[in-house]
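Everything on this sheet refers to the single structure shown next.
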Amino acid sequence: MAFRSVCQSQEPVTIADRMFQDLRRSILEGGMPAGKKISEPELAAAYGVSRGSLREAIGKLENCNLVTRRPNIGARIISFSIDQLMEIYQIREAMEGMAARLAAQNMTEQEVQNLQELIKRQKSSTPEQPENNNLKHDPDLDFHFCVIKGSQNERLIRMLCQDLYDLVRFYRLRLNPGFTPKAQIEHELIVDAITRRDGEMAEVLMRHHIRASRDRAKLQLENMTPEELGVHEK
């Protein structure tokens, strides 16, 4: 089951919806660099839409935490931030650890089997890098989504998938950490704990897995230039 953010869960209906989906995809795939200022006249002309529809689309992006907007300054794509990254991983460690524990308790036998099959597919075709920054196929995020969904806690699912995971993608697809053999082993251990219905161990292993991912991402950010971080534009 491929990961699907709540921010993209509804089919576009209005012009603003379609613009939002197009701009969101461009941001997450790197077509719009981190920190880039959004020119409303240019975008409105390029899409052939009204400024009102464009502003509505930008508002949706702001709700997904991909755009910041300040009075008298305008909107821009968010920049990379080590502080923000650490906050994201702190939240993920706590909440996804809880999700793994709940998944061990609440997943049906069929859901556990589906998770095991996902791990087998990952093991047989583990890519070194996410394919072409494809939003729909990231083996690591697919795994995490299955565990989160398996918690069967709707509020937890909404909090992670609606409030957080577009930001996770924003960092992940630009840092391009790939899917390593070490991550594969960590996934297998988590699934083994879930299969054994050992919620405590599943939580411990998930927390460890996310901390390891955090440390790799932090090291990459620390080695990026201000231009790469998106803090060069004023």
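The values are calculated or read from the model by the stated rules, or taken from the named source; none is laboratory data. In this text the structure is predicted, and so the values were computed from the model without any measurement. When we count neighbours, we look across all protein chains shown, and the Cβ atoms used for this are built from the backbone with ideal geometry, even at glycine.
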Exercise for the section: Considering only residues that are among the aliphatic types (A, V, I, L, M) and part of a loop (DSSP other than H, G, I, E, B), look in segment 57-81 and name the one that is surrounded by the fewest Cβ atoms within 10 Å (Cβ to Cβ). Expected result: Ile73
Exercise for the section: Return yes or no: is Leu219 surrounded by fewer than 20 Cβ atoms within 10 Å (Cβ to Cβ), under 22 Å from Gln90 (Cβ atoms) and free of Cβ contacts under 8 Å to residues at least 24 places away in the same chain? Expected result: yes
Handout entry: Condition met for Leu189 (in a helix (DSSP H, G or I) and crowded, with 19+ Cβ neighbours inside 10 Å)
Key = no
Handout entry: From the options Arg51, Arg76, Arg69, residue that is farther than 22 Å from Leu141 by Cα and touching a residue at least 12 places away in the same chain (Cβ under 8 Å)
Key = Arg76
Problem - Sole exception among (1) closer than 30 Å to Lys36 by Cβ; (2) in contact with a Ser or Thr (Cβ under 9 Å, 6 or more places away or on another chain) for Ala103, by number - result: (1)
Exercise for the section: Kindly establish whether Gln84 is closer than 30 Å to Glu56 by Cβ and either under 18 Å from the mean Cα position of the chain (by Cα) or in the same structural domain as Asp215 (by TED's automatic domain parsing) (or both). Expected result: yes
Handout entry: Residue check for Gly74: at pLDDT 90 or above and in contact with a Lys or Arg (Cβ under 9 Å, 6 or more places away or on another chain)
Key = no
Completion exercise
Those residues of segment 140-183 which are over 18 Å from the mean Cα position of the chain (by Cα), more than 17 Å from Glu111 (Cβ to Cβ) and not charged (D, E, K, R) amount to Pro181
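For every residue, the table says whether it meets (1) outside the structural domain of Val191 (by TED's automatic domain parsing); (2) in contact (Cβ under 8 Å) with a residue 60 or more places away in the chain; (3) under 18 Å from the mean Cα position of the chain (by Cα).
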position	(1), (2), (3)
Ile88	no, yes, yes
Glu96	no, yes, yes
Ala99	no, yes, yes
Leu102	no, yes, no
Asn106	no, no, no
Glu109	no, no, no
Leu115	no, yes, no
Gln122	no, yes, no
Practice task
Inspect segment 155-178 for any residue being farther than 29 Å from Ala34 by Cα and out of contact with any strand residue (DSSP E or B) (no Cβ under 7 Å at 6 or more places or on another chain) and give the result as yes or no.
Solution key: yes
